[in-house]
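Below is one structure, written out as structure tokens; the observations come after it.
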Amino acid sequence: MGVFDDLVGQDRSVSVLSRAAAAAAEVVAGGRGAGMTHAWLFTGPPGSGREDAARAFAAALLCPDGGCGHCDQCHQVLIGSHPDLEQVRPAGLSYGVKQTRELILRAAGAPTQGRWRVILFEGADRATESAANALLKAIEEPPPRTVWLLCSPAPDDLMITIRSRCRLVTLTTPTTEAVAHVLATRDSVPPDIARFAARAAQGHLPRARALALDEGARARREAVLAIPRSLTGVGECVTAAERLVKTAEEEAAAATATLNESETSELRKVYGEGSTGKGLNRGLVRGGAGALKELEDRQKSRATRIKRDSLDAALLELVWFYRDVLAMQLGATVELANDDLRFDLDQLARTTTPEETLRRVDAVMRCRERLDLNVNPQIAVESMMLALRV
Ligand SMILES: [Zn+2]
């Protein structure tokens, strides 16, 4: 089952997707492949892993072994560099018709590896009306080997005409117990650490796994959650913003450096780098320089994405933190995400009002939205910090 292993608590969706992947393999082998669908819609609340599910399915379609999770094809899909996988994530609030038409053209190309062309469209709900109409036409008459994977928080976010042509996959947020169980059984994490990590990650398995296994991730979480109590003046807010943005950049740089290096050297091997070559592109056979440039562009946009994701993950930590404060203020009996920080939570809960806490949650959410709209991170985070000031 490989690539579907991480979709914890999504048994129904996994069984639908595995069956569809098997049908798709039949089509590739020249069979009829009953049950294969060319348009899919992945929905579910934030953290439920709708993009992860779509990516796993893409790997299952492109892997000769149905998504083994460890071959080159799977690996390329999971890191976003597979030549037959087109990943789209609207950078702004809306995705226009021109971009959509270009995307549809690229989607129509024959798969380079002979299996499928997969378009993973995150935030498909951001397509403008005319973009959605263009998309609808593409989905209605898909080229024989093109598969569309649309992702949006809820099915209602898309035009009914698109929705009705897609097969729906509904993801749910896995419970703390389910995530802790996976960490304990699959990653051999001691039960108490597994529970801590699952709770702190609020159902997000990759995040929980990082917290359980990576000391650096735990240290970064601690640094983020120390922010609320540090915001005593304007200067502290500016410093905290700088530090948060810089940490995200460093995290992204570390994550991309290793990926980039191995991809570039792979590509150089493919194009046969000359042994006497000096300089970056010298010695590559014809076509190599172009492919290298393309790879570099892809790596650059991936770095931007990872940077944004890592900043967003930090902001989500803050949302959970203030949600915990609110829960204490209201005496709600919910599981606290940051049970290990009870002292901090309690202090803030006693010295501020629920209204103030709600305003702070709002400020963090607004910051996330602004980053999503490409506002300069330092500016967006700084104004958030000022709103969080105690
Ligand atoms: Zn594979």
Row for the chain, column shape: gyration tensor on C-alpha, a ≥ b ≥ c, rounded if a/c < 1.5 i.e. under 1.5, prolate if a/b over b/c, else oblate; value prolate
If unit charges are put on Cβ atoms (+1 for Lys and Arg, -1 for Asp and Glu) and the dipole of the chain is taken about its Cα centre, the option from Tyr322, Leu78, Gly109 lying farthest towards the positive end turns out to be Gly109
Taking a straight Cα-to-Cα line shorter than 27 Å from Lys307, and setting aside same-chain lysines fewer than 8 residues away, one finds Lys98, Lys246, Lys293
Once His181, His70 are ranked on solvent-accessible area with the largest value leading and a 1.4 Å probe, the list reads His70, His181
Heavy-atom accessible area per residue of the chain, all protein chains kept, 1.4 Å probe, expressed in Å², is 49 Å²
Tilt, helix 234-270 to longest principal axis of the chain (alpha-carbon atoms), in degrees rounded to tens, equals 20 degrees
Under the helix-only model (-39500 (n - 2.57) for each DSSP H run of 4 or more, divided by the residues of the chain), the mean residue ellipticity at 222 nm, to 500 deg cm²/dmol, is -19500 deg cm²/dmol
Going residue by residue through the range 38-55, the Karplus relation 6.51 cos²θ - 1.76 cosθ + 1.60 with θ = phi - 60° gives ³J(HN,Hα) values, rounded to whole Hz and with x marking Gly or Pro, of 8, 9, 10, 10, 9, 10, x, x, x, x, 7, x, 5, 5, 4, 5, 5, 5
Between Phe121 and residues 5 or more places away or on another chain, the pairs with built amide H atoms under 5 Å apart involve Val88, Leu149, Leu150, Cys151
1/(1 + (r/R0)^6) with r = Cβ-Cβ of Arg89 and Glu236, R0 = 25 Å, i.e. FRET efficiency to nearest 0.05, evaluates to 0.15
Rounded to the nearest 10 Å², the accessible area of Lys98 using a 1.4 Å probe with every protein chain kept is 150 Å²
So for the range 53-190, using the alpha carbon gyration tensor with a ≥ b ≥ c as root eigenvalues (a/c under 1.5 gives rounded; past that, a/b versus b/c decides prolate or oblate), I'd call it oblate
Computed for the chain: size of charge dipole around the Cα centre, +1 on C-beta of each Lys and Arg, -1 on C-beta of each Asp and Glu, debye to nearest 20, value 1000 debye
In this structure, the FRET efficiency calculated for Glu355 and Ser130 from their beta-carbon separation, with R0 = 41 Å, to the nearest 0.05, is 0.45
Rounded to the nearest 10, the angle in degrees between the Cα long axis of helix 354-372 and the longest principal axis of the Cα atoms of the chain comes to 30 degrees
Under 5 Å from the placed amide H of Ala39, counting only residues 5+ away or on other chains, we find Trp148, Arg167
For the range 379-386, Karplus-derived ³J(HN,Hα) couplings (6.51, -1.76, 1.60; θ = phi - 60°; whole Hz; x for glycine and proline) come out as 5, 5, 5, 4, 5, 5, 4, 5
A 1.4 Å probe over the protein heavy atoms gives the chain a carbon and sulfur accessible-area percentage of 54 percent
The FRET efficiency for Ala110 and Met365, from their Cβ-Cβ distance with R0 = 56 Å and rounded to 0.05, is 0.85
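The values are calculated or read from the model by the stated rules, or taken from the named source; none is laboratory data. What you are looking at is a predicted structure, and each value in this text was computed from that prediction instead of being measured. Ideal geometry is used to build each Cβ from the backbone, glycine not excepted, and the neighbour counts take in all protein chains shown. Keep in mind that these areas ignore ligands, DNA and RNA; they rest on the heavy atoms of the full protein, side chains included. Shrake-Rupley method; radii C 1.70, N 1.55, O 1.52, S 1.80 Å.
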